[in-house]
Amino acid sequence: MNGRVNGRVVWYVVLFVLGVLVAAAGSLVQSAWFPGGLLLALLGAAGVFYGGLRATETQLGVVVPGAGWLLAVVLLSFGRPEGDGVFTGGLSEMIYLLGGMALAVMCATMVKLPRPTP
């Protein structure tokens with residue numbers, strides 16, 4: 001039992017880091033090649049959220065990368081005192097933020113299908 005709990009904790013840490021990395025990459029890509037970059041960024045986020053659900057078989061597997069994703073996006077939106085920032089406040093950034101959160105909610109509320117018995 002203890003090994004299984006430790007394995008899940010490792011999965012959750014990996015998923016949190018993946019959520020942060022996908023958010024950072026998506027933040028850069030979504031405005032670079034609009035609208036293709038936005039679609040690519042949202043597909044990457046959906047992949048991490050759905051992958052977390054399937055890897056851990058719990059809704060927490062979606063919440064953890066979703067929290068990392070949201071934390072990274074919020075921190076990147078602050079910018080610096082010099083005025084440099086990743087987000088400029090356009091439509092693409094709003095679609096990325098709201099779309100990513102909607103994807104996390106959709107993945108977290110998906111019904112788990114029963115596994116086929118061999």
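Kindly provide the set of residues from segment 75-99 that are aliphatic (A, V, I, L, M) and either surrounded by fewer than 12 Cβ atoms within 10 Å (Cβ to Cβ) or under 13 Å from SER31 (Cα atoms) (or both), ordered by number.
Of everything in segment 75-99, those that are aliphatic (A, V, I, L, M) and either surrounded by fewer than 12 Cβ atoms within 10 Å (Cβ to Cβ) or under 13 Å from SER31 (Cα atoms) (or both) turn out to be VAL86, LEU91, MET94, ILE95, LEU97, LEU98.
Candidates in segment 83-110 are the residues that are at pLDDT below 80 and more than 18 Å from LEU38 (Cα to Cα); of these, the one that is farthest from the chain's Cα centre (by Cα) is GLY83.
Taken over segment 1-57, the residue count meeting the criterion of being of a type outside the set (A, V, I, L, M, F, W, C) and touching a Gly at 6+ places or on another chain (Cβ under 9 Å) is 11.
If you filter segment 14-54 down to residues that are in contact with a Cys (Cβ under 6 Å, 6 or more places away or on another chain) and of a type outside the set (A, V, I, L, M), you find that the one that is surrounded by the most Cβ atoms within 10 Å (Cβ to Cβ) is PHE49.
Only one of these conditions is not met by VAL10: (1) loosely packed, with under 14 Cβ neighbours inside 10 Å; (2) under 23 Å from VAL86 (Cα atoms). Which number is it? If we test VAL10 against (1) loosely packed, with under 14 Cβ neighbours inside 10 Å; (2) under 23 Å from VAL86 (Cα atoms), just (2) comes out false.
Taking segment 32-81 as the region of interest, how many residues are outside any helix (DSSP H, G or I) and β-branched (Val, Ile, Thr)?
1
The values are calculated or read from the model by the stated rules, or taken from the named source; none is laboratory data. Not measured: the values here are computed from a predicted model. Cβ sites come from the backbone with ideal geometry, for glycine too, and all protein chains shown count toward neighbours.
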